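Read through the structure below, which is laid out as structure tokens, and then see the notes.
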Amino acid sequence: MSSNTEEPLYGAAARPFFDELRQLDPGNATCIDCGANNPVWATLSYGCYLCLECSGVHRSLGVHISFVRSTNMDSWSTAQQARMRAGGNTALRKYLAQNGMPDSFNRSWMAGGDSIGGGGGDTGKWTSIKEKYNTATAAAYREHISAVAAGKPSSLRPVPFEVVAAQVAAPKQMAAFGSAPPPS
């Protein structure tokens, strides 16, 4: 790579770095989740690129699942640059597919939602994004990116893609004044 990674990058200075990563992996030219062209957001957790809408869903997952930055508005430290260099949209797509993720998780539109925010809830593509990254497969890839970016050997192994239903918390019984059932 010809980009100078000894200095943090910001704004126009970051453009050559991201242009170079796009040339190395043409998959970086589209959003990892919906396929929108020219994404300008990235998730450091996976070293891949996102469109504005999908970046919002990633932010809602929490930084322990997906840490999101703007490629043109945020400053990029050398460690963050290393994470992006370690990833790439093509590598993540390939790993998820090899582990059995259905192709439907990579479509820009899925039945059950609308194009803005999933139709009032967790339906459509927004659910598929949440399900995709809350898997053991995605966790293994996050660990891989962390290791490679830190210059450590990766222990990336096959992890079957399996969406686990979200557990619903049992309703809590209140035990304070006025919450007891009426006497019979």
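Side notes on the structure shown:
- Between amide H atoms placed 1.01 Å from N, distances below 5 Å from residue 33 occur with 51, all of them 5 or more places distant or on a separate chain.
- Here the accessible area is traced with a 1.4 Å probe on the protein chains. For segment 23-98, carbon and sulfur cover 57 percent of it.
- Residue order by solvent-accessible surface for 84, 73 is 73, 84, largest first, with ligands and nucleic acids left out and a 1.4 Å probe.
- Charge tally around residue 149: other residues with Cβ under 15 Å, Lys/Arg +1 each, Asp/Glu -1 each, net +4.
- For residue 76, the amide hydrogen comes within under 5 Å of the amide hydrogens of 9, 10, counting only partners 5 or more places away or on other chains and with H modelled in the peptide plane.
- With K and R counted +1 and D and E -1, the other residues having a Cβ less than 15 Å from that of residue 43 yield a net charge of +3.
- Using the Karplus relation 6.51 cos²θ - 1.76 cosθ + 1.60 with θ = phi - 60°, the per-residue 3J(HN,Hα) values for segment 28-34 come to 6, 7, 10, 4, 4, 9, 10 Hz, with x marking Gly and Pro.
- For segment 153-159, Karplus couplings with θ = phi - 60° (6.51, -1.76, 1.60), whole Hz, Gly/Pro x: x, 8, 10, 4, 10, x, 9
- Per-residue HN-Hα couplings for segment 65-82 [Karplus 6.51, -1.76, 1.60; θ = phi - 60°; Hz; x = Gly/Pro]: 9, 8, 9, 9, 9, 8, 6, 10, 10, 9, 7, 10, 6, 4, 5, 5, 4, 5
- Amide H within-cut-off set for residue 41, under 5 Å, with H built and near neighbours excluded: 50, 71
- Ranked by how many other beta carbons lie within 10 Å on average, peptides 91-98, 47-54, 129-136, 59-66 from highest: 47-54, 129-136, 91-98, 59-66
The values are calculated or read from the model by the stated rules, or taken from the named source; none is laboratory data. As the structure is a computational prediction, the values presented were derived from the model and not from experiment. Glycine gets a Cβ as well: all are built from the backbone with ideal geometry, and neighbour counts include every protein chain shown. Accessible surface is based on the protein model in full, side chains and every heavy atom, while ligands, DNA and RNA are left aside. Shrake-Rupley method; radii C 1.70, N 1.55, O 1.52, S 1.80 Å.
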